[in-house]
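The values are calculated or read from the model by the stated rules, or taken from the named source; none is laboratory data. What you see is a predicted model; the values in this text were computed from it and never measured. For neighbour counting, all protein chains shown are included, and Cβ atoms are generated from backbone atoms with ideal geometry for every residue, glycine included. In case anyone asks, the SASA skips ligands and DNA or RNA and just uses the protein heavy atoms, side chains included. Shrake-Rupley method; radii C 1.70, N 1.55, O 1.52, S 1.80 Å.
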Amino acid sequence: MQDWNAYRDALIGRVGDFAKLSPDVLRGLHTIEGSGAKTGRLEPKMHELIALAVAVTTRCDGCIAVHAKKAVELGASKEEIAETLGVAIALNAGAALTYTARIFDAIEALPQT
């Protein structure tokens, strides 16, 4: 298992290095990140729980490190996080099942020999 705290700190440092080289990209990302929360319809904790589910489905360790910390800071319990991740797991399995149909479509589209 990795040291998530050290990883998160190192990642934030490297992102800072990138921000110096390309500040407009980081400003754009911050605009996108903040735009979803502007309506105020979802609590910040819910945003972080969604971010954790997306982090799992996209396999983003950096996202996991950052959003796990933020979710806990906003009061997310282990039980809430587990339920959120259960949805991500179910969706991944469902997506895999759905994509099996595409395989059969591709096979049936092959020229008959």
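Structure values in brief
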item: Surface per residue (accessible, 1.4 Å probe) for the chain, Å²; result: 77 Å²
item: Acute angle (nearest 10 degrees) that the helix 61-73 long axis makes with the longest principal axis of the chain, alpha-carbon atoms; result: 50 degrees
item: Those lysines that a straight Cα-Cα span of less than 18 Å connects to Lys69, excepting residues fewer than 8 apart in one chain; result: Lys45, Lys78
item: For the chain, Kirkwood radius (reciprocal of mean inverse C-alpha pair distance, Å); result: 16.8 Å
item: Total formal charge among the other residues, if their Cβ is under 12 angstrom from that of Lys45, Lys/Arg +1 and Asp/Glu -1; result: -3
item: Simple label model, 7 Å out from Cα along Cβ direction - Leu91 to Phe104, nm; result: 2.5 nm
item: In nm, spacing of pseudo-spin labels at Arg59 and Gln2 (7 Å Cα→C-beta vector); result: 1.3 nm
item: Gained length - Leu11 relative to Val72, 0.36 nm times residue gap less alpha-carbon distance; result: 20.1 nm
item: Taking the chain and dividing mean pair separation by its residue count, relative contact order in percent (alpha carbons under 8 Å, at least six apart); result: 25 percent
item: Share of carbon and sulfur in the accessible heavy-atom surface of the chain [1.4 Å probe, %]; result: 65 percent
item: Degrees between helix 4-21 axis and first principal axis of the chain (Cα, 0 to 90, nearest 10); result: 80 degrees
item: Note, ³J(HN,Hα) from phi for the stretch 98-113, Karplus 6.51, -1.76, 1.60, rounded to Hz, x at Gly and Pro; result: 4, 6, 5, 4, 5, 4, 5, 4, 5, 5, 5, 7, 5, x, 6, 10
